[in-house]
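Written out below as structure tokens is the structure these notes cover.
The values are calculated or read from the model by the stated rules, or taken from the named source; none is laboratory data. Owing to the predicted nature of the structure, the values given are computational and were not obtained by experimental measurement. So basically every Cβ, Gly included, is an ideal-geometry build from the backbone, and we count neighbours across all protein chains shown.
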Amino acid sequence: MKIDVLTLFPGMFAGPLDESMVKRARDAGILELRIRYLRDYAHDRHKTVDDRPFGGGPGMLLKPEPVFEAVEDLAAADTHVVLLTPAGRKFDQKIARELAGRERLLLICGSYEGFDERIREHLADDELSIGDYVLTNGALPAMVIIDAVTRLLPGVLGDDESALDESFSGGLIEYPQYTRPAEFRGWKVPEILLSGHHAEIAKWRLEQAWQRTQQRRPDLISETGAASPSVVRAKKDDL
Ligand code: 4GY
């Protein structure tokens, strides 16, 4: 997969994308990632990328010309062009899977108070938000999306890890997990996990995941596309 990022703050990307799984994916050639500096596409003496909003109001907007030129330079016919903005549809695991299936992405990071509407209207295929808060710019959202998408690319996760990915308690939050020692500062690991009864353990985990999800994230159960009670019951009956 090829991902280009268009940003005014390329320096922010040094670090997070050079570590861990994303680094592995890049080194293996599974992910080809390029950070592009928007100012390189401004041609006046001051490399201007922003301007004041028509009609007045506070702050500055990203002006259309550099962004259009950059996208025309960087995007191929099969490139999915994504604008990062709090006004976009909310990014989640389902969208991560959708993006992981694309050949090429171009992520455009917002800056200042926003963008000229023509960028949104005539360049973007998609607008995504990582959550209902306002950051100083779109660099962190871009990195969040790259991270979530990269671990879904074939060959990035080991077989053990990918088998775990949402397959068992799909759509629910994780069940409690423990490792050694079996007793730590007087706190014991639940007996069932030490029993060796695999079917009973699976049942316990599903029950725990289900209870936790009901308590902490009821939205995951009622929302379409997430865990439905019938799906969870069906899984339980399988055990
Ligand atoms: N949240 N999800 C986000 C963001 C910065 C003002 C528009 C977000 O995706 N992007 O907060 N971006 C803002 C700053 C202009 C972009």
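Of the residues ASP40, ASP50, ASP44, which is more than 28 Å from VAL156 (Cβ to Cβ) and within 16 Å of the ligand (Cβ to nearest atom)?
ASP50
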*Within the stretch 144-151, is there a residue that is within 9 Å of the ligand (Cβ to nearest atom) and part of a helix (DSSP H, G or I)?*
yes
_Suppose the filter is surrounded by 17 or more Cβ atoms within 10 Å (Cβ to Cβ), in contact with a helix residue (DSSP H, G or I) (Cβ under 6 Å, 6 or more places away or on another chain) and not acidic (Asp, Glu); does ALA142 pass it?_
no
*Please enumerate the residues belonging to the stretch 119-167 that are of a type in the set (Ser, Thr, Tyr) and modelled with pLDDT under 95.*
SER162, SER167
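Determine whether the stretch 40-53 contains at least one residue that is closer than 15 Å to ALA142 by Cβ and surrounded by 19 or more Cβ atoms within 10 Å (Cβ to Cβ).
no
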*asked:* So in the stretch 171-207, with the set limited to residues that are under 25 Å from ALA96 (Cβ atoms) and not small (Gly, Ala, Ser), which one is surrounded by the fewest Cβ atoms within 10 Å (Cβ to Cβ)?
replied: GLN177
